[in-house]
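Each remark here refers to the structure printed beneath this line.
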Amino acid sequence: GQQVMQIPQYQHVQEGEDFTTYCNSSTTLSNIQWYKQRPGGHPVFLIQLVKSGEVKKQKRLTFQFGEAKKNSSLHITATQTTDVGTYFCAGLIYGTALIFGKGTTLSVSS
Amino acid sequence: EPEVTQTPSHQVTQMGQEVILRCVPISNHLYFYWYRQILGQKVEFLVSFYNNEISEKSEIFDDQFSVERPDGSNFTLKIRSTKLEDSAMYFCASSGLQNEKLFFGSGTQLSVL
């Protein structure tokens, strides 16, 4: 079936270091969305990217959508302990369902 | 902020039993979804629902599963005869636009013994 691949699966950083997670689809996406799930919590919507090459920022978070609309990345600058959790990309393939990647679990030590 | 509510938060059942998981989506949302997450794994799509019918369903959503909107506020997932491998966290979600900005409930942890 359709898949959205995400790497790395786990990432540990020291507080203040940067973090990036990458998302890739073999199929062109209608849009890509990013969600954050805190430990023991539920996915919470962060952002949606629709346009080819789009870049959006939310404070220390930068989201990019590739030119071919097949890949995306989330970059966090100067991580904080509040950034811990699992970050999921979710790709929408035209006319179908929103498919989640496996997620990248971020841990941050102070 | 409006939220999606799910009940119960935990459900323990014996293999072969029927379970019904309940959800109250955000009131002005028109699109409803069920996803599930096996511990530590990815969020898997089960089914989407709009205008009182299924829009899309995954391979996981076989004949043992059904969804219903019995009234103007509730959205339910029924598993007719539970199997051990149905044990997972089941998330309900809703959105105002199809497949955009999903709001998730806190989930129902289903344990099949």
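The values are calculated or read from the model by the stated rules, or taken from the named source; none is laboratory data. Treat the numbers as computed from the prediction; the structure is a model and nothing was measured. Heads up, the Cβs are rebuilt from the backbone with ideal geometry, glycines too, and the neighbour counts pull from every protein chain shown. Protein only, heavy atoms only, side chains kept; ligands, DNA and RNA dropped before computing areas. Shrake-Rupley method; radii C 1.70, N 1.55, O 1.52, S 1.80 Å.
Placing +1 at every Lys and Arg Cβ and -1 at every Asp and Glu Cβ, with all other atoms neutral, what dipole size does the protein assembly as shown have around its Cα centre, in debye to the nearest 20?
Values: 19 positive and 20 negative charges, 76 e Å.
Its charge dipole is roughly 360 debye.
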## Note on the structure
Of every hundred units of 1.4 Å-probe accessible area on region B:1-91, the number belonging to carbon and sulfur atoms, as a percent, is 45 percent
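Remind me, relative contact order of region A:1-102 in percent, using alpha carbon pairs under 8 angstrom and six or more residues apart? Let's see the in-between values first.
Values: 231 pairs, mean separation 36.5, N = 102.
In percent, rounded to a whole number, it is 36.
With a cut-off of at most 15 other beta carbons within 10 Å, and DSSP calling the residue loop, which GluC sites (Glu not before Pro) in region B:11-113 qualify? Please list them.
Those satisfying the criteria are B:Glu18, B:Glu59.
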#### Entry: Compactness of the protein assembly as shown - radius of gyration and Dmax, Cα, Å
17.5, 50
### Task
May I ask which residue of B:Leu84, B:Ser27, B:Ser48 lies farthest towards the positive end of the charge dipole of chain B, with charges of +1 (Lys, Arg) and -1 (Asp, Glu) on Cβ and the Cα centre as origin?
B:Leu84
### Query
If you bin every alpha carbon distance in chain A into 10 Å steps from zero, what whole percent lands in each bin?
16, 50, 29, 6, 0
### Query
How much of A:Arg38 can a 1.4 Å solvent probe reach, expressed as accessible area in Å² and rounded to 10?
130 Å²
### Message
Using protein chains only and a probe of 1.4 angstrom, how many square angstrom of A:Tyr10 are accessible, to the nearest 10?
### Response
150 Å²
### Query
Which whole-number percentage describes the relative contact order of region B:39-113, with Cα contacts under 8 Å and a sequence gap of 6 or more?
20 percent
### Message
Please report the net charge: other residues with Cβ closer than 11 Å to the Cβ of A:Val4, K and R +1, D and E -1.
### Response
+3
### Task
Take the alpha-carbon centre of region B:1-26, take the same for region A:1-77, and report the distance between them in whole Å.
29 Å
#### Entry: GNM flexibility winner over chain B from B:Lys42, B:Lys57, B:Lys83 (Cα, springs under 10 Å)
B:Lys42
### Query
Averaged per residue, what accessible surface does the protein assembly as shown expose to a 1.4 Å probe, in Å²?
50 Å²
### Translational diffusion coefficient (Stokes-Einstein; Kirkwood radius from C-alpha pairs) of chain B at 25 °C, 0.890 mPa s, in µm²/s
176 µm²/s
### Query
Which parts of region B:35-82, residue by residue, lose 30 Å² or more of accessible area when the rest of the protein chains are there, as against the chain isolated (1.4 Å probe)?
B:Tyr35, B:Gln37, B:Lys42, B:Val43, B:Phe45, B:Glu56
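I want the local charge near A:Ala97. Using Cβ-Cβ distances under 14 Å, sum +1 for each Lys or Arg and -1 for each Asp or Glu among the other residues.
Working: positive: B:Arg36, B:Lys42, B:Lys57; negative: B:Glu44, B:Glu56, B:Glu59, B:Glu100.
Net charge in that neighbourhood comes out at -1.
With +1 on each Lys and Arg Cβ and -1 on each Asp and Glu Cβ, and nothing else charged, work out how big the dipole of chain A is about its Cα centre, in Debye to the nearest 20.
Values: 10 positive and 6 negative charges, 59 e Å.
Using only the charged Cβ atoms, the result is roughly 280 debye.
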